[in-house]
1. Would you confirm, using the coordinates I've provided, whether ALA323 is open to solvent by 50 Å² or more (accessible area, probe 1.4 Å), touching a Leu at 6+ places or on another chain (Cβ under 9 Å) and either within 13 Å of the ligand (Cβ to nearest atom) or under 17 Å from GLN270 (Cα atoms) (or both)?
2. When you go through THR165, THR142 one by one, which is the residue that is in contact with a Lys or Arg (Cβ under 8 Å, 6 or more places away or on another chain) and either in a helix (DSSP H, G or I) or farther than 19 Å from GLY311 by Cα (or both)?
3. Hey, could you check the range 303-316 for residues that are near the ligand (Cβ under 6 Å from one of its atoms) and at pLDDT 70 or above and say which is surrounded by the most Cβ atoms within 10 Å (Cβ to Cβ)?
4. Which pairs have Cβ atoms under 6 Å, sit 6 or more apart or on different chains, and link a residue in the range 280-300 that is in contact (Cβ under 8 Å) with a residue 60 or more places away in the chain to one that is more than 8 Å from the ligand (Cβ to nearest atom)?
5. Listed residues LEU277, LEU291; which is within 26 Å of the chain's Cα centre (by Cα) and more than 6 Å from the ligand (Cβ to nearest atom)?
6. Let me spell it out: the conditions are (1) among the hydrophobic types (A, V, I, L, M, F, W, C); (2) without any contact (Cβ under 8 Å) to a residue 40 or more places away in the chain; (3) surrounded by 15 or more Cβ atoms within 10 Å (Cβ to Cβ), and VAL194 meets all of them except one. Which number is the exception?
7. Of the residues ILE286, ILE330, only one is more than 8 Å from the ligand (Cβ to nearest atom), open to solvent by less than 30 Å² (accessible area, probe 1.4 Å) and in contact with a Ser or Thr (Cβ under 8 Å, 6 or more places away or on another chain); which?
8. Could we say that ALA112 is out of contact with any strand residue (DSSP E or B) (no Cβ under 6 Å at 6 or more places or on another chain), free of Cβ contacts under 8 Å to residues at least 60 places away in the same chain, open to solvent by less than 70 Å² (accessible area, probe 1.4 Å) and among the aliphatic types (A, V, I, L, M) here?
Amino acid sequence: MPRFWRRLRWQLIAAQLVVVAVGVVVLIGAADVLATRAIAPELLPAVQVAITKALIIAAVAAATVGLGTSLLLLREILRPLHEVAHSSQRIASGRYDERVEVPATEELGALASSFNQMAEVLETVEHQRILLIGNVAHELRTPLAGLEGYLEGLVDGVFPSTPETFTEMQHEVRRLRRLVDDLQTLSRVESGQVQLTFSDFDLGELAGWVLVRLQPQLIDGHLGISFMPPATPVRVYADPDRTAQILLNLLGNAIRYTPEGGTISVSLRQDQDQAQLQVCDTGIGIPADALPYIFERFYRVDPSRSRSSGGSGIGLTIAQHLAWAMAGDIVAESAGPGQGSCFTVTLPLAE
Ligand code: ADP
């Protein structure tokens, strides 16, 4: 037991004994004064002896009870506190699975429960950190293995040193760069360090501009697009560049996950103090059991399909954090595989 716990134990016992001692002294004094005044002088010595005896018995009983309650208090209060202090040291040294026993006492029980809750959150964060490192390593390995393969092929003469081979290598390097850029953006948005420049702008106009930028991909994918901006502008208060980034991600996904001949519909409306922009597609859809996870880092419904089309699995995580940073949100809906998907972005209206 550390020194300060031992000291606290003795302080508690001493406090109880001091109370007993003060009580006894005051009682002796008071009894003496009152007895002198109220009792006949010839009876006084006998009464004083009786009072002193009674007080000694009472003092011994009070001291014994005081000691007993001190020890009980020590067990009830100090032991759980000591356990919390000991466990926090173990957590600090990396034992995130550490938990304390929850005592029956209401206040100490609440303290122990809060402590266990904190330990659980720390354990989850640590688990996510380990998972993130594993995921990053895994994501980096794919383009690196591709590059290594091309280089080995060139050295061994299996691949000819033609522009086609170098174009393939460039493709892998670009993939690596995109991943590193995405990871950097992710770390910034998740730590709230992303720089936002808020202004008042028309969301319909911005959506139209993003669609024009994506026109070549829409044509390549033989996809139809439907967008009718509302007659009156829907002005929002947000960062236009980051909003465009969100729309590019959602529309990029819609293009990526919608087979040829499909349609992408964009709609915009005002709902109380929010603007709602919806991107719906007639694509592959999302299974109900995958829907709750699609905004998680590196989550992909079909990893091989998404990876082969260049998806890093963190686009939606970044988009959702950006929306949150602008006091908005993104939600996803899908009736299931083959039924298409809808993503709705909400942003606060400009005043
Ligand atoms: P990725 O870069 O892999 O597309 P995202 O974070 O943008 O990563 O998306 C996560 C996953 O959500 C995707 O891998 C895909 O499985 C699913 N997803 C996203 N948008 C759509 C969509 N419009 N239709 C079907 N699935 C989608």
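The values are calculated or read from the model by the stated rules, or taken from the named source; none is laboratory data. Worth saying up front: this structure is predicted, and the values here are computed from it rather than measured. All Cβ positions, even for glycine, are placed from backbone atoms using ideal geometry, and neighbour counts span all protein chains on display. To get the accessible areas, we keep the full protein, side chains included, count just its heavy atoms, and leave off ligands, DNA and RNA. Shrake-Rupley method; radii C 1.70, N 1.55, O 1.52, S 1.80 Å.
1. no
2. THR142
3. ILE314
4. Short answer, once both residue conditions are applied: CYS280/SER265; CYS280/CYS342; ASP281/ILE264; PHE298/ASN135.
5. Sole residue among the options that is within 26 Å of the chain's Cα centre (by Cα) and more than 6 Å from the ligand (Cβ to nearest atom): LEU291.
6. That leaves (2) as the condition not met.
7. Residue meeting the stated conditions: ILE330.
8. Criteria met by ALA112.
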